[in-house]
Amino acid sequence: MILLILLRYTCLYPQSLTFTQPMTFLKGAASDKAIDITNFRQHYFATWKSIGNNGSINVSYLGTRADTAFVQTSMAIPDAVSGIAPVFRTTDNHIYLFWITKDGTVKYIVNTSDTGFAMAPVHTLSTSEPVSFTKGINAAFVGKKVMLASHTDNKDGIFIAISQPGKDGILENAAIVPVKGAKSPDYPFVVPVSDQAQVRCSWVDIKDRKVYYADFDPSLNTWSTPRSLPDAASDIAPALYSVFHNDCLFYIWNCIDRKGQLAYLTQTGGTFAGQQTYLPAYFSTDNPVSVSYVDQNNFIMGFTGKDHQLYISYFSAYDPASWIGDLLYPGKADYSLRDIVIPGAHDAGMSVLSGTGGSESGSINECNTLTQSLKIEKQLQAGIRMFDLRIDKYNGQLYTKHSSSDCMEDAIGGGWGESINEILNATKTFLNTNKKEFVILNFSHFCERHIPVKEQARLITDLLGKEYIYYRQEGRLADTKLKNVAGKVIVLFENYAYPDLLVDSGTMTTGSKAFINYRREYAATNDLQKLLTAQQLFFKELKGNIHDNDLVRLDWQLTEAGSEAAMICNEFQSEKTNPLVDGVLLLTNVIKHHKSIITLSLIGNRYLAPKVVEWIRDGTINRENKPNILYVDVAGSWITDFCIDLNRTPLYSKQPD
């Protein structure tokens, strides 16, 4: 069945996750609340409520992983209605279906079959004290006990109900334990932690809307001090699951500032793996998501779309530092660079501002100069494989730069970023560890009067070491396979080649004899619609016009015009600038309301994945003109995730559809 597209990896401590594009399933089914999917003895089940305050409770048997298609045997539980989403939970011997009735009580069905679902008998959960379950319900088995988490109808409190199943699976009278000090507008999620000895509870705070979590120890009847997830805020319940192993937790929530777009964060042994990662905009819902275990590294995510249809996506654990070796080998080791897609970083060395220059250097700051949020070392770890490095001499060394002119003194303003020495040392260290990865370093914007171009090439070759450099000799790009470049750096100089230094040529034109010629369209705009129009037209015009040495590059940048770039993010009457320029600064910042490069990028980056998917579906992008590099500002694992997703599709496969 569709589950066969899931890949198997051995990464036990993942740093990132990769998601397939969501697809609808269960034709005709619709809901206004969350869906739940579970795995019971490698058989898959889904449950949902129909639309409305008295929607029917439905169950569908989906079959096994080995089936060639979803079985999709759907049934409505007789006389079971609710305005709240139902939920599954399983033990080794039982599969439970829980739902909340109109009067706030919990009903449940216990099954033992893994090939169907019995509609009866329906049981009622009894509690040690009167309590009304509201908003939603979540559950976890901790040891031999089941813990049901819900929301009270009294002052936004949340609680867990703890019960012991009998041999027949029927639940004993449940004890009610409030989540100490927690107030929430929605119900919480619970998951076992600490080798099944404790339960973690996550919720949204009623006041600041931040996502909090705390651990409950049933043996001591105590709660840990609540802590907040870094930079996570939502209006609805944040989903929490134990994935990969008991000590690795997966949080996924609807972003309060992104209209239901999803973000996730992983946590292992109390340590969060980097920053939250946003999923593409087509992952959008008004309800919590469901996650089902497939195997140690593969999972299904189900959610209800804003169109009320039911969607599933498959996600896998991967280490972005070694994604090419882990995911493209051995099956695609003989693919060329023209057969795959990799993430690239525009003005890659500009995550730090080491110095400023130009006639109005006082106007230069991080806001109007930085294009990246990670240094090259971290970008490599995040999976980025092509780097745009614009270089010149600064303080006696080669540095990256961001400037409107090749020679800094000719520019109105510009900035210096990372040193080339630091970048090349980080690259060597990275390849020493990740021997199947490759890196493209694309050098350009040389200032000949500061240092001859060939001398720059010599310095780079000496710093990097020839043993790390891949040089094609007489080979063509189309014949250069992944296994040929494994553990190597392709060093390109724009419009220059120095064979004795193993430096090859790179160009950006409609056709050349360079080793790599980038086919791209730079929109040079801060208007999103103009960017979309320019890139769509670019792909349409590429059809029938691709050469063996072409790498198609999607240049996805929102940026200020060159004449204004140095003027944004400045206050009027700055003491560091020429008074005659202050009028320009006023117009640029106050009247035109310019945003920083990073801010513009974060806006534009949200649209990259949905538009590429749209263009693939409508034929704008096809096998011939497909992008080989997704070239972005604020590069990180988010763009690596999408490249991995694309590399799995037929567009990047040599096998027949």
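The values are calculated or read from the model by the stated rules, or taken from the named source; none is laboratory data. These numbers were taken from a predicted model, which means no experiment stands behind them. In this analysis, Cβ positions are derived from the backbone assuming ideal geometry, glycine residues included, and neighbour counts consider all displayed protein chains.
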Kindly list, by first and then second residue, each pair from a residue in the stretch 208-230 that is over 14 Å from residue 253 (Cβ atoms) and in the same structural domain as residue 187 (by TED's automatic domain parsing) to a residue that is surrounded by fewer than 17 Cβ atoms within 10 Å (Cβ to Cβ) and not β-branched (Val, Ile, Thr), limited to pairs with Cβ atoms under 6 Å and residues at least 6 apart or on different chains. 214/224; 215/224; 223/180
Can you pull out every residue in the stretch 274-289 that is touching a Cys at 6+ places or on another chain (Cβ under 9 Å) and either assigned to a loop (DSSP other than H, G, I, E, B) or closer than 18 Å to residue 213 by Cβ (or both)? 276
Those residues of the stretch 417-430 which are assigned to a helix (DSSP H, G or I) and either more than 19 Å from residue 322 (Cβ to Cβ) or in contact with a strand residue (DSSP E or B) (Cβ under 8 Å, 6 or more places away or on another chain) (or both) amount to 420, 421, 422, 423, 424, 425, 427, 430
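Quick check on the stretch 404-416. Is at least one of its residues assigned to a strand (DSSP E or B), closer than 22 Å to residue 556 by Cα and in contact (Cβ under 8 Å) with a residue 12 or more places away in the chain? Walk me through it before giving the result.
In the first step, residues of the stretch 404-416 are kept if they are assigned to a strand (DSSP E or B); the result is 414-416.
Restricting the remaining residues to those that are closer than 22 Å to residue 556 by Cα gives 414-415.
Filter once more, so that each one left must be in contact (Cβ under 8 Å) with a residue 12 or more places away in the chain: 414-415.
Yes.
Do any strands (runs of 3 or more DSSP E) entirely within the stretch 1-55 hold 3 or more residues that are buried (at least 19 other Cβ atoms within 10 Å of the Cβ) and modelled with pLDDT of 90 or more, and if so, which? Reasoning before the result, please.
Working: elements: 16-19, 36-40, 43-49.
Where strands (runs of 3 or more DSSP E) fall fully within the stretch 1-55 and carry at least 3 residues being buried (at least 19 other Cβ atoms within 10 Å of the Cβ) and modelled with pLDDT of 90 or more, they are 36-40, 43-49.
Does residue 235 meet the test of being over 17 Å from the mean Cα position of the chain (by Cα), at pLDDT 85 or above and assigned by TED's automatic domain parsing to the domain that holds residue 301? Show your work before the answer.
Working: over 17 Å from the mean Cα position of the chain (by Cα): yes; at pLDDT 85 or above: yes; assigned by TED's automatic domain parsing to the domain that holds residue 301: yes.
For residue 235, the condition - over 17 Å from the mean Cα position of the chain (by Cα), at pLDDT 85 or above and assigned by TED's automatic domain parsing to the domain that holds residue 301 - is met.
Would you call residue 130 closer than 25 Å to residue 57 by Cα and buried (at least 16 other Cβ atoms within 10 Å of the Cβ)? First the steps, then the outcome.
Details: closer than 25 Å to residue 57 by Cα: yes; buried (at least 16 other Cβ atoms within 10 Å of the Cβ): no.
It is false that residue 130 is closer than 25 Å to residue 57 by Cα and buried (at least 16 other Cβ atoms within 10 Å of the Cβ).
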Take the conditions of a type outside the set (Asp, Glu), farther than 19 Å from residue 596 by Cβ, without any contact (Cβ under 8 Å) to a residue 40 or more places away in the chain and not in a loop (DSSP other than H, G, I, E, B) and apply them to residue 378. Does it pass? yes
List the strands (runs of 3 or more DSSP E) inside the stretch 301-358, counting only whole elements, that have at least 3 residues being closer than 19 Å to residue 21 by Cβ. 310-318
Which ones in the stretch 407-443 are touching a Ser or Thr at 6+ places or on another chain (Cβ under 9 Å), of a type outside the set (Phe, Trp, Tyr) and more than 26 Å from residue 486 (Cβ to Cβ)? 408, 409, 410, 411, 412, 413, 414, 415, 417, 419
Cβ-Cβ distance below 8 Å, separation of 6 or more or different chains: which pairs start in the stretch 126-147 with a residue that is of a type in the set (Asp, Glu) and end on one that is assigned to a strand (DSSP E or B) and surrounded by fewer than 23 Cβ atoms within 10 Å (Cβ to Cβ)? 129/176
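Hey, could you check the stretch 483-535 for residues that are of a type in the set (Asp, Glu) and touching a strand residue (DSSP E or B) at 6+ places or on another chain (Cβ under 8 Å) and say which is surrounded by the most Cβ atoms within 10 Å (Cβ to Cβ)? Explain how you work it out, then say what you get.
Of the residues in the stretch 483-535, the ones of a type in the set (Asp, Glu) are 494, 500, 504, 521, 527.
Still in the running and touching a strand residue (DSSP E or B) at 6+ places or on another chain (Cβ under 8 Å): 494, 504, 521.
Details: 494: 18, 504: 21, 521: 17.
Among residues in the stretch 483-535 that are of a type in the set (Asp, Glu) and touching a strand residue (DSSP E or B) at 6+ places or on another chain (Cβ under 8 Å), the one surrounded by the most Cβ atoms within 10 Å (Cβ to Cβ) is 504.
Scan the stretch 77-93 for residues that are in contact with a Gly (Cβ under 9 Å, 6 or more places away or on another chain) and either hydroxyl-bearing (Ser, Thr, Tyr) or assigned to a loop (DSSP other than H, G, I, E, B) (or both) and jot them down.
Within the stretch 77-93, the subset in contact with a Gly (Cβ under 9 Å, 6 or more places away or on another chain) is 81-85, 87, 91, 93.
Within the stretch 77-93, 82, 83, 84, 85, 91, 93 meet the criteria.
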Tell me which residues, restricted to the stretch 206-228, are loosely packed, with under 15 Cβ neighbours inside 10 Å and part of a strand (DSSP E or B). 217, 222, 227, 228
Give all pairs with beta carbons closer than 6 Å in which a residue from the stretch 271-294 that is closer than 24 Å to residue 45 by Cβ meets a residue that is at pLDDT 90 or above and part of a loop (DSSP other than H, G, I, E, B); count only pairs at least 6 apart in sequence or on separate chains. 287/33; 287/34; 288/34; 290/35
Of those in the stretch 367-425 that are over 28 Å from the mean Cα position of the chain (by Cα) and aliphatic (A, V, I, L, M), the residue surrounded by the most Cβ atoms within 10 Å (Cβ to Cβ) is 391
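For the stretch 336-354, give me each residue that is touching a Ser or Thr at 6+ places or on another chain (Cβ under 7 Å) and either farther than 14 Å from residue 490 by Cβ or not assigned by TED's automatic domain parsing to the domain that holds residue 481 (or both).
Correct list: 343, 346, 347, 349, 350, 351, 353.
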